[in-house]
1. What are the ³J(HN,Hα) values, in whole Hz, obtained from phi via the Karplus relation 6.51 cos²θ - 1.76 cosθ + 1.60 with θ = phi - 60°, for each residue of segment 41-51 in sequence order, with x given for Gly and Pro?
2. How high is the FRET efficiency between Ser18 and Ile83 when r is their beta carbon distance and R₀ equals 25 Å, given to the nearest 0.05?
3. Between Gln14, Thr57, Leu46, whose Cα lies farthest towards the positive end of the dipole of segment 2-160 when Lys and Arg beta carbons carry +1 and Asp and Glu beta carbons carry -1, centred on the Cα centre?
4. How many nm is it between the label spots at Val113 and Phe54, if each spot is 7 Å from the Cα in line with the beta carbon?
5. Between helix 106-121 and the chain, what is the angle of the helix's C-alpha long axis to the longest principal axis, kept within 0 to 90° and rounded to the nearest 10?
6. If you stretched the chain out fully between Val69 and Arg32, how much longer would it get, using 0.36 nm times the residue separation minus the C-alpha to C-alpha distance?
7. For the chain, what is the accessible area per residue in Å², given a 1.4 Å probe and the full set of protein chains?
8. Relative contact order (percent) for the chain, with alpha-carbon contacts under 8 angstrom and 6 or more residues of separation?
Amino acid sequence: MFSSVLFCIAGAFQFFPSIRRHHPTAHRLIGRAVAIAGCVAAISGLWMTLFFAFPDTLQGRPLFWVRIVLGVLMIGFIIGAVIAIRSRNVFQHSAAMLRAYAIGQGASTQTFVGISWIIFVGYEATGPARDGLMIGSWVINLLAAEIVIWTALRPANRSSKT
Ligand code: HEM
């Protein structure tokens, strides 16, 4: 829980160009804490998925496997991002961190989508509908991340090298 909060809140500041430009040491140090927190959050998510007994109404096979794949991908993106910046590949670093962040922020979008469903449909989604909303929320986050990566983060579109 603490690692997810740290990843989601402190992680947001890592995307501020002003902090990176004027306080690169802060970006690096906060970045290392956020990277570790992100990996811990992903590992605890994998742990819960594998070892908690969820009824099918709360987690069907599709959601189970999507959680496994996204948990592993999140760790891979964070490690890949740190390796990329060590070879000064800022684009790959920022893109990988944004993809990891999109996965890590899944719960926020899932909450928003779940409440919207209750408002419009009148009851909480369970079973395949719930799996669909949970997975759909991650699709929304990852699509938004790709749009930002290929518009704002792409080197030609970014004002400086930081
Ligand atoms: C959640 C998002 C992010 C995290 C967790 C993060 C994390 C990190 C970490 C851990 C380092 C230091 C690597 C080392 O140990 O040497 C670093 C360096 C760096 N990051 Fe990020 N980063 C994030 C987003 C970004 C973004 C969006 C950009 C640029 C568009 C960026 C640009 C850089 C640069 C230029 C450095 C090198 C700083 C220096 O050595 O002077 N980072 N980041």
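1. Each residue of segment 41-51 in turn: 4, 5, 5, 5, x, 5, 4, 5, 4, 7, 10 Hz.
2. It comes out at approximately 0.45.
3. Gln14
4. Distance between the two pseudo-spin positions: 1.3 nm.
5. 40 degrees
6. 11.0 nm
7. Per-residue accessible area for the chain comes out at 59 Å².
8. Numbers: 159 pairs, mean separation 38.3, N = 162.
The value is 24 percent.
The values are calculated or read from the model by the stated rules, or taken from the named source; none is laboratory data. It should be emphasised that the depicted structure is a prediction, and the values quoted were computed from it without experimental measurement. Positions of Cβ are generated from backbone atoms using ideal geometry, with glycine treated the same way; all protein chains shown enter the neighbour counts. Accessible surface areas use protein heavy atoms only, side chains included; no ligands, DNA or RNA. Shrake-Rupley method; radii C 1.70, N 1.55, O 1.52, S 1.80 Å.
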